[in-house]
């Protein structure tokens with residue numbers, strides 16, 4: 001049985017925090033900046049998957065893009081957890097607000 005995603009994010013956050021010697025403020029800033037790095041890697045994978053650099057040709061696959069997008073999501077989740085121990089609730093509440101605004105739904109979204 002695999003553990004809940006947010007439990008894994010909490011474990012990753014704890015592991016990263018245990019291996020850093022930064023102030024809490026610097027930790028937050030660097031975790032947010034890490035998102036830029038991951039977005040850049042995603043862009044590089046898209047360019048490589050589409051062969052848009054004639055000098056390099058096709059250097060990546062769409063599976064590489066998927067992997068990079070997952071890294072962006074994980075990095076964002078860890079950054080959110082760094083900002084607040086209530087990351088799960090903050091995220092789920094935000095998703096509901098965005099869905100309500102975009103899809104015209106009211107209240108919690110259930111499948």
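Read-outs throughout are calculated quantities, based only on the coordinates presented, and are distinct from any laboratory measurement. Note that the structure is predicted; figures quoted are calculated from it, not measured. Cβ atoms come from the backbone with ideal geometry, glycine included; neighbour counts cover every protein chain shown.
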Given the conditions (1) over 14 Å from residue 71 (Cβ atoms); (2) assigned to a helix (DSSP H, G or I); (3) touching a helix residue (DSSP H, G or I) at 6+ places or on another chain (Cβ under 9 Å), and given that residue 26 satisfies all but one, which numbered condition is not satisfied?
(3)
Take residue 64 and decide whether it is out of contact with any strand residue (DSSP E or B) (no Cβ under 9 Å at 6 or more places or on another chain) and closer than 16 Å to residue 5 by Cβ.
no
Among the residues of region 48-66, what is the count of those that are surrounded by 15 or more Cβ atoms within 10 Å (Cβ to Cβ) and part of a helix (DSSP H, G or I)?
4
Filter result (surrounded by fewer than 18 Cβ atoms within 10 Å (Cβ to Cβ) and in a helix (DSSP H, G or I)) within region 77-90
83, 89, 90
May I ask you to list pairs of residues, at least six apart or on different chains, whose Cβ atoms are under 7 Å apart, with the first in region 68-93 being on the phi < 0 side of the Ramachandran plot and touching a residue at least 12 places away in the same chain (Cβ under 8 Å) and the second being surrounded by fewer than 12 Cβ atoms within 10 Å (Cβ to Cβ) and not in a helix (DSSP H, G or I)?
none
Has region 7-23 got any residue that is more than 17 Å from residue 77 (Cα to Cα), out of contact with any helix residue (DSSP H, G or I) (no Cβ under 8 Å at 6 or more places or on another chain) and in a helix (DSSP H, G or I)?
yes
